[in-house]
């Protein structure tokens, strides 16, 4: 089950997933994990047996453009389609808001995942929070 929520509604369930994936697993400094965009973003949460096992967010950049980020699925629940469900839910939500363009900062290892959903790599590889990333774009 995927829920779409504000940060006020999502924080208590989404943050532990993000902490486990980004801070504990990937070694990203905790101080970089939360930012000012969480309050403005729409968050998707994936549940399995009433436990939040994945999350992602959509930030409205303009009336037609959104940025997807903070995509995280707990290790034991990967390769089960949860990431795709989160991505699809945020894109569907964005479409309902009039968005036709989606941006994201993909970790290099995740590029093939996003390509399956139509995202196209853009620009050069860069370091973000100690991990190599590349921008990607989807036009609907």
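Only the coordinates and a few stated rules stand behind these numbers; no lab work does. Just so it is clear, the model here is predicted, and its values are computed rather than measured. Cβ atoms come from the backbone with ideal geometry, glycine included; neighbour counts cover every protein chain shown.
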Just subtract the alpha-carbon distance of residue 9 and residue 108 from 0.36 nm times their residue separation and send over the number in nm, one decimal.
32.6 nm
Given labels modelled 7 Å from the Cα in the Cβ direction, how far is it in nm from residue 137 to residue 20?
3.6 nm
Residues of the stretch 112-140 with backbone nitrogen within less than 16 Å of a virtual label 7 Å along the Cα-to-Cβ line of residue 100, please, listed as ranges.
138-140
Would you please give the FRET efficiency between residue 40 and residue 76, computed as 1/(1 + (r/R0)^6) with r the Cβ-Cβ distance and R0 = 22 Å, to the nearest 0.05?
0.10
Global form of the stretch 28-70, assessed from the alpha-carbon gyration tensor, a/c cut-off 1.5:
oblate
7 Å from Cα along Cα→Cβ at both residue 92 and residue 51: what's the point-to-point distance in nm?
2.5 nm
Cut-off is 10 Å between beta-carbons; in what order do 62, 6 appear when sorted fewest neighbours first?
62, 6
Just from its helices, what would the mean residue ellipticity at 222 nm be for the chain, if runs of 4 or more DSSP H residues each count -39500 (n - 2.57) and the sum is divided by every residue, rounded to the nearest 500 deg cm²/dmol?
-7500 deg cm²/dmol
Of the beta bridges DSSP finds with both residues in the chain, what % are antiparallel, to the nearest 5?
90 percent
If you average the C-alpha positions of the stretch 83-110 and of the stretch 1-49 separately, how far apart do those two centres end up, in angstrom?
15 Å
Mean Cα-pair separation over length for the stretch 1-58, i.e. relative contact order, pairs under 8 Å, 6 or more apart, %
46 percent
